[in-house]
Amino acid sequence: MALPIAAESRKELLRLATAGSVDDGKSTLIGRLLYDSKSIFTDQMESIERTSAERGDEYANLALLTDGLRAEREQGITIDVAYRYFATPRRKFIIADTPGHVQYTRNMVTGASTADLAIVLIDARKGVLEQTRRHAFLSSLLGIPHLVLAVNKMDLVDYSQARFDEIRDEFASFASKLTVTDLTFIPVSALLGDNVVTPSANMDWYHGAPLLDHLEEVHIASDRNLIDARLPVQYVIRPQRGDGSDHRSYAGTVAGGTFAPGDEVVVLPGGFTTTIDRIWAPGGVEVAQAFPPMAVSVSLRDEIDITRGEMIARPNNRPWVGRDVDAMVCWFSDDSTLRPGNRYVVSATTASVRAQITTLNYRLDINTLHRDETAEALSVNQIGRVTLHAQQPLMFDAYRRNRDTGSFILVDEATNTTVAAGMISGPVDHQSTIVWHGSKVSPDQRPYRGATIWLTGLSGSGKSSIAVEVERRLVAAGRPAYLMDGDNLRHGLNSDLGFGDDDRRENIRRTSEVASLFADSGSVAIVSLISPFAAERRRAREIHAAAGLPFFEVFVDTPLAECERRDPKGLYARARRGEVKQFTGIDSPYERPTDAEIVVTPDHGSPTDIADAIIRDLGL
Ligand SMILES: Nc1ncnc2c1ncn2[C@@H]1O[C@H](COP(=O)(O)OS(=O)(=O)O)[C@@H](OP(=O)(O)O)[C@H]1O
Ligand SMILES: Nc1ncnc2c1ncn2[C@@H]1O[C@H](COP(=O)(O)OP(=O)(O)O)[C@@H](O)[C@H]1O
């Protein structure tokens, strides 16, 4: 016999969001659902009955159930969303209960972003109001697949079918402008229980299901995207000595499609292709298939260096990979505004990347759907369409295709707070209008196969001295080779860049791209760049890997003290005196490479000795 707990966990979960103000009877409706489905504990019920009697309420005031909880949680919580849990024999439910006033747009965005179904309440006496339209619009913007219009307080309009029909027609004409796929109207009285859990004896003209039946029956299994296989890598599990495993595995929550052992996959953004070896569910149980929203770990047939934030997909069905994204954002922060030029960290699936807002295309009035194209900023609870530019490629889908891989949050790095939520429309247009023109020359038609030798190290470590010797030897041997020295590039290609972190990243990015073009042409690109950041060096490697080009990192590991002693340009002395700011090793970081192909130290001899060794070791 199955244990009850197992039966419980097998039940399908429906995430439901309710929007509306207290006056519409939202709290009473939720209370009624909990009460009539026997989800309230007896002691809670007794206290509600007692308080209702004290207040002189005619009926047990079920709103007290949710309002009481709200008062508790108001302390110290900025985003006011209460999650309630209840279950019936057929399904489990999580209700995200969000207050409905205009200033609570951010709450609704937070609470409803993962919902399968939204209930929008209408007071039958008042009909369709501005806030009804606002809630319906937000539900559609958030891509909630099922929308229920609960026309409440039917007892106060004599259970009139005519009034219900009037409201339904008015709302349906507005909803036709939205992308609502499944719309259901239910006449209810939350206070008296009509059509909430049990069918109403007062509305025999209504032949549909009561609300709870609808919630139990609405078909949600196919709402998830089961086509586009996506596994954002959350962390890497390395084999422990002695535990019998011989493979690294990659853990994450499946965000779309299905994965099975033997499937060919691509790891993005690097572009390596391999095959899934095995898949485990939590607890180490091996499974034959993974689908959303399963948390799994997978092992791959080839050893590939994968880190958090990368994505496993299918070679013939990839997410977009790009830096420029077009999105709708809802601004959350009371303390700041969104403006073009502002910089944030974009957190999308498991990746976090720095990005800048490039444009605010318009601000949307969520009551009228009017687009204000003259808007210069978004403040709290406002929604607008923006484009942003990320410093590293993001992997994403359109939100309407996949709510997990199509959404992100913006984090203010200075305060480490979430300032916005975003829903991606797609890559910025200019990208989709640019096509890749393939060359008619294949790599083996070129006289030489190119490569990049990337020298990294502190200023004065000896990068340039070694690089010029490598270039000289290769050219003398008849190989096309070309030296790209950071100092020299900063005179032309990178003359607009300084030494702040962002500028250095851009410096490394541009140099990576140019080096890969040289390598692609059959030349050996020799780069001599401090390149202090591990992520950007890694990105340089990935750019080459994606194009199938060899990339060799050479870490010129000369201790800071020795570089400072050499100080060929007198820059260390000036940095110590504070005349040169953000100098690497002094007041700007250098992240030491951990996976360089070659590490050279001063013990290895003169630059010429080292150049000889590099050429020999790399087989060039
Ligand atoms: N603040 C500060 N920090 C580091 N380096 C400085 C700075 N200001 C000027 N220089 C000179 O610029 C050279 C480094 O440029 P890079 O393009 O290699 O640097 S980076 O990769 O963008 O960090 C570097 O050249 P090398 O000594 O050949 O490394 C310095 O001479
Ligand atoms: N292997 C080495 N042994 C001793 N001195 C070296 C070595 N490599 C470079 N140097 C000296 O160190 C100084 C800085 O070298 P440089 O190539 O300009 O460094 P970087 O390009 O890393 O700033 C130069 O004076 C150079 O002669």
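The values are calculated or read from the model by the stated rules, or taken from the named source; none is laboratory data. Note that the structure is a prediction, hence the values are computed from the model and not measured. No Cβ is skipped: glycine too gets one built from the backbone with ideal geometry, and neighbour counts run over all protein chains shown.
Among the residues of segment 289-317, which ones are under 16 Å from the mean Cα position of the chain (by Cα) and either of a type outside the set (Lys, Arg) or farther than 25 Å from Thr415 by Cα (or both)?
Matches in segment 289-317: Pro292, Pro293, Thr307, Gly309, Glu310, Met311, Ile312, Ala313.
Residues of segment 499-507 include none that is under 27 Å from Ser439 (Cβ atoms) and either modelled with pLDDT of 95 or more or within 16 Å of ligand 2 (Cβ to nearest atom) (or both). Screening the candidates Arg472, Arg446 for the property of being within 16 Å of ligand 2 (Cβ to nearest atom) and surrounded by fewer than 19 Cβ atoms within 10 Å (Cβ to Cβ) yields one hit, Arg472. What do you reckon, is Glu564 of a type outside the set (A, V, I, L, M, F, W, C) and in contact with a Ser or Thr (Cβ under 9 Å, 6 or more places away or on another chain)? When the stated conditions are applied, Glu564 does not pass them. Looking across segment 489-511 at every residue that is within 26 Å of Leu474 (Cα to Cα) and in contact with a strand residue (DSSP E or B) (Cβ under 8 Å, 6 or more places away or on another chain), the one that is farthest from ligand 1 (Cβ to nearest atom) is identified as Arg509. Looking across Leu268, Leu231, Leu215, Leu191, one residue alone is closer than 21 Å to Lys92 by Cα, touching a residue at least 12 places away in the same chain (Cβ under 8 Å) and crowded, with 19+ Cβ neighbours inside 10 Å. It is Leu215. For Val556, state whether it is of a type in the set (Val, Ile, Thr), more than 12 Å from ligand 2 (Cβ to nearest atom), surrounded by 15 or more Cβ atoms within 10 Å (Cβ to Cβ) and farther than 25 Å from Leu268 by Cβ. It is false that Val556 is of a type in the set (Val, Ile, Thr), more than 12 Å from ligand 2 (Cβ to nearest atom), surrounded by 15 or more Cβ atoms within 10 Å (Cβ to Cβ) and farther than 25 Å from Leu268 by Cβ.
In segment 272-293, the residues that are touching a residue at least 40 places away in the same chain (Cβ under 8 Å) form Cβ pairs under 9 Å with partners that are basic (Lys, Arg), at six or more places apart or across chains, as follows: Phe291/Arg224; Pro292/Arg224; Pro292/Arg230; Pro293/Arg224. The set of residues in segment 179-188 that are assigned to a loop (DSSP other than H, G, I, E, B), crowded, with 16+ Cβ neighbours inside 10 Å and at pLDDT below 95 contains only Val180.
Looking at segment 607-620, can you tell me whether even one residue there is touching a strand residue (DSSP E or B) at 6+ places or on another chain (Cβ under 8 Å), outside any strand (DSSP E or B) and within 26 Å of Gly322 (Cβ to Cβ)? So far as segment 607-620 goes, no, none of its residues is touching a strand residue (DSSP E or B) at 6+ places or on another chain (Cβ under 8 Å), outside any strand (DSSP E or B) and within 26 Å of Gly322 (Cβ to Cβ).
Restricting to segment 228-244, name every residue that is modelled with pLDDT of 90 or more and in a loop (DSSP other than H, G, I, E, B).
Asp228, Ala229, Val233, Gln234
Among the residues here, Val386 does not qualify as at pLDDT below 95 and part of a strand (DSSP E or B).
Tell me, which residue of segment 131-169 that is of a type in the set (Lys, Arg) and surrounded by fewer than 21 Cβ atoms within 10 Å (Cβ to Cβ) is nearest to Arg224 (Cα to Cα)?
Across segment 131-169, the extreme among qualifying residues is Arg133.
Taken over segment 198-212, the criterion of being in a loop (DSSP other than H, G, I, E, B) and surrounded by fewer than 17 Cβ atoms within 10 Å (Cβ to Cβ) is satisfied by Pro199, Ala201, Asn202, Asp204, Trp205, His207, Gly208, Ala209. Filtered by the rule that a residue be near ligand 1 (Cβ under 8 Å from one of its atoms) and in a strand (DSSP E or B), segment 521-543 gives a lone residue, Ser528. Within segment 95-129, the set of residues being at pLDDT 80 or above and either part of a loop (DSSP other than H, G, I, E, B) or surrounded by fewer than 17 Cβ atoms within 10 Å (Cβ to Cβ) (or both) comprises Thr114, Ala115, Asp116, Ala124, Arg125, Lys126, Gly127, Val128, Leu129.
The condition (being within 16 Å of ligand 2 (Cβ to nearest atom), at pLDDT 95 or above and not small (Gly, Ala, Ser)) is satisfied by just one residue among Val527, Val514: Val527.
The single condition among (1) surrounded by 20 or more Cβ atoms within 10 Å (Cβ to Cβ); (2) at positive phi that Val527 does not satisfy is (2).
A single entry from Gly478, Gly438, Gly548, Gly492 fulfils the requirement of being away from ligand 2 (no atom under 15 Å from the Cβ), of a type in the set (Gly, Ala, Ser), in a loop (DSSP other than H, G, I, E, B) and under 31 Å from the mean Cα position of the chain (by Cα): Gly548. For beta carbons closer than 6 Å, sequence separation of 6+ or different chains, a first residue in segment 150-167 that is closer than 20 Å to Arg32 by Cβ and a second that is among the hydrophobic types (A, V, I, L, M, F, W, C) and in a helix (DSSP H, G or I), the qualifying pairs are Val151/Phe164; Val151/Ile167. Of the residues making up segment 573-609, those that are among the polar types (S, T, N, Q) and either away from ligand 1 (no atom under 16 Å from the Cβ) or surrounded by fewer than 16 Cβ atoms within 10 Å (Cβ to Cβ) (or both) are Gln582, Thr594, Thr601, Ser606, Thr608. Residue count for segment 563-575, restricted to those that are charged (D, E, K, R), closer than 19 Å to Gly498 by Cα and outside any loop (DSSP other than H, G, I, E, B): 1.
Of all the residues in segment 309-354, those that are of a type in the set (Gly, Ala, Ser) and either in a loop (DSSP other than H, G, I, E, B) or without any contact (Cβ under 8 Å) to a residue 40 or more places away in the chain (or both) number 4. In contact (Cβ under 8 Å) with a residue 12 or more places away in the chain, within 28 Å of Glu562 (Cβ to Cβ) and more than 16 Å from ligand 2 (Cβ to nearest atom), is that true of Gly486? Spelling it out, it is not the case that Gly486 is in contact (Cβ under 8 Å) with a residue 12 or more places away in the chain, within 28 Å of Glu562 (Cβ to Cβ) and more than 16 Å from ligand 2 (Cβ to nearest atom). Of all residues in segment 590-606, those satisfying the criterion of being free of Cβ contacts under 8 Å to residues at least 60 places away in the same chain, closer than 15 Å to Thr558 by Cα and not in a helix (DSSP H, G or I) are Glu591, Arg592, Ile598, Val599, Thr601, Gly605, Ser606.
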